[in-house]
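Enquirer: Have a look at this one before I ask anything.
The values are calculated or read from the model by the stated rules, or taken from the named source; none is laboratory data. Keep in mind that this is a model prediction, so the values were computed, not measured. A quick note on method: Cβ atoms are made from the backbone with ideal geometry, for glycine too, and the neighbour counts reach across all protein chains shown.
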Amino acid sequence: MSRGGSRQIGLPSPAAEAVSPAVQGKLETVVRHAQIWLDGQNEVRGKLVARLNQAVTERRAGKVRRLLVRVNARAAHNRTASEESTVAAASDYLNSLDDLTHAALDAEAAAERAGVEAARSMSTVLQRLRRHDAYAHDLLKDIGTLLRLAAVAGERLTSGQFRDVGVWKARADAGARLPRTPLHQQVGRRQWWAKHCPRCHAEVQERCVLVEGSRVGSLRDVPHDARLQPLIDERKANRAASAGQWRVDEVTCPDCRKGYHTPCDSPNGPHHSRVELAQEYTRLRRPRTRK
């Protein structure tokens, strides 16, 4: 392309004559698409350079720095003489700034680089979190990292990342009220799959699956809390029931007068009267006397 003009792409006539009409048609289509792309690139470059020129005119140092970076990265080739002049003027303008302004621009650039890096790092953290579909205390470190990176990334977050950050923040806020010891550590592994799961609807002896996120249907490493909570509730209820139940050896036998933790003088086990007395104490919920 000549300076100030637009490059035109075409097939050399010898090449066009050496191929069949069908192939020639395909080549012309490719050339046409390439020309459309090139024209689009020229338009993008022109708009960028025009914005750069306006920023220089308005003496907006921060905007000049950012646009100059974009122009040099995306429009470094095939610039017209006018565009080259604008880029040179922008560079001269930045070089003419005082040290204090340069320091502010350097700090701004450092913050931008940190934001870009934070947005990239978020992908790694989210990949780990996507293996879960509910909050657990052992995820607190990753969630904290995610929130810190999101704050640094700011507007560089994609819509998907922004949504995921909101989901995990809400889960962490709600999960702060959960017991510090995860439920799957309060239930024996053999009992993990003993009940139907109301969250993912896994049947008895089937493992739970993820019900949210990008890996829906994948097996979970541990059951959902909703599946384990009934087991823990049953265990608490049994303990409460047994705490009020009197054992036979906790009462004094009316027949042989044997006392606490002392068996009756009977070859057939405790006397019937002692059994009835223990049952009566349980029915009346009589408090135990400390031994």
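Residues are listed down the side, and each one gets a yes or a no for (1) at pLDDT below 80; (2) of a type in the set (Lys, Arg); (3) under 44 Å from the mean Cα position of the chain (by Cα):
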{"position": "Gly4", "(1), (2), (3)": "yes, no, no"}
{"position": "Val23", "(1), (2), (3)": "yes, no, no"}
{"position": "Leu52", "(1), (2), (3)": "no, no, yes"}
{"position": "Arg66", "(1), (2), (3)": "no, yes, yes"}
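Enquirer: Could you list, in sequence order, the residues of segment 267-290 that are at pLDDT below 85 and more than 17 Å from Gly244 (Cβ to Cβ)?
Expert: Within segment 267-290, Pro267, Asn268 meet the criteria.
Enquirer: Restricting to segment 194-220, name every residue that is in a loop (DSSP other than H, G, I, E, B), free of Cβ contacts under 8 Å to residues at least 12 places away in the same chain and either of a type in the set (D, E, K, R) or touching a Lys or Arg at 6+ places or on another chain (Cβ under 9 Å) (or both).
Expert: Matches in segment 194-220: Glu203, Val204.
Enquirer: Further question on the same structure: Go through segment 135-163 and count every residue that is among the basic types (Lys, Arg) and touching a residue at least 40 places away in the same chain (Cβ under 8 Å). Even if it seems obvious, please write down each step before you answer.
Expert: Pass one, segment 135-163, residues among the basic types (Lys, Arg): 141, 148, 156, 163.
Next, from what is left, pick out any that are touching a residue at least 40 places away in the same chain (Cβ under 8 Å): 156.
Result for segment 135-163: 1.
Enquirer: I'm checking my understanding of the structure. Among residues of segment 234-263 that are closer than 30 Å to Lys195 by Cα and loosely packed, with under 11 Cβ neighbours inside 10 Å, which one is nearest to the chain's Cα centre (by Cα)?
Expert: Looking only at segment 234-263, we keep the residues that are closer than 30 Å to Lys195 by Cα, and these are 234-245.
Filter once more, so that each one left must be loosely packed, with under 11 Cβ neighbours inside 10 Å: 236-243.
Details: Lys236: 34, Ala237: 37, Asn238: 39, Arg239: 39, Ala240: 40, Ala241: 43, Ser242: 44, Ala243: 44 Å.
Going through the qualifying residues, I end up with Lys236.
Enquirer: Among the residues that make up segment 88-99, is at least one of them part of a helix (DSSP H, G or I), among the acidic types (Asp, Glu) and within 15 Å of Arg45 (Cα to Cα)? Give the derivation first.
Expert: Keep residues of segment 88-99 that are part of a helix (DSSP H, G or I), which gives 88-95, 99.
Narrowing the set further to residues that are among the acidic types (Asp, Glu) leaves 92, 99.
Pick out the ones that are also within 15 Å of Arg45 (Cα to Cα) and you get none.
Scanning segment 88-99, I find no residue that is part of a helix (DSSP H, G or I), among the acidic types (Asp, Glu) and within 15 Å of Arg45 (Cα to Cα), so the answer is no.
Enquirer: May I ask you to say which residue of Ser273, Ser266 is part of a helix (DSSP H, G or I) and either loosely packed, with under 15 Cβ neighbours inside 10 Å or in contact (Cβ under 8 Å) with a residue 12 or more places away in the chain (or both)?
Expert: Values: Ser266 fails: part of a helix (DSSP H, G or I).
On inspection, the qualifying residue turns out to be Ser273.
Enquirer: Ala170 passes all but one of (1) in a helix (DSSP H, G or I); (2) more than 30 Å from Gly115 (Cβ to Cβ); (3) among the aliphatic types (A, V, I, L, M); which number fails?
Expert: (2)
Enquirer: Among Val211, Val275, which is out of contact with any strand residue (DSSP E or B) (no Cβ under 6 Å at 6 or more places or on another chain) and under 30 Å from Leu139 (Cβ atoms)? Steps first, please.
Expert: Details: Val275 fails: under 30 Å from Leu139 (Cβ atoms).
Exactly one residue qualifies, and that residue is Val211.
Enquirer: Right, here's the next one. Listed residues Arg220, Arg215; which is more than 23 Å from Gly188 (Cα to Cα) and either touching a helix residue (DSSP H, G or I) at 6+ places or on another chain (Cβ under 8 Å) or not hydrophobic (A, V, I, L, M, F, W, C) (or both)?
Expert: Numbers: Arg220 fails: more than 23 Å from Gly188 (Cα to Cα).
Residue meeting the stated conditions: Arg215.
Enquirer: I'm checking my understanding of the structure. Among residues of segment 145-192 that are among the aliphatic types (A, V, I, L, M) and within 27 Å of Arg207 (Cβ to Cβ), which one is surrounded by the most Cβ atoms within 10 Å (Cβ to Cβ)?
Expert: Going through segment 145-192, the residues among the aliphatic types (A, V, I, L, M) turn out to be 146-147, 149-153, 157, 165, 167, 170, 172, 174, 176, 178, 183, 187.
When the remaining residues are screened for being within 27 Å of Arg207 (Cβ to Cβ), the result is 146, 167, 170, 172, 174, 178, 183, 187.
Values: Leu146: 23, Val167: 14, Ala170: 11, Ala172: 17, Ala174: 11, Leu178: 14, Leu183: 20, Val187: 19.
Ranking the candidates gives Leu146 first.
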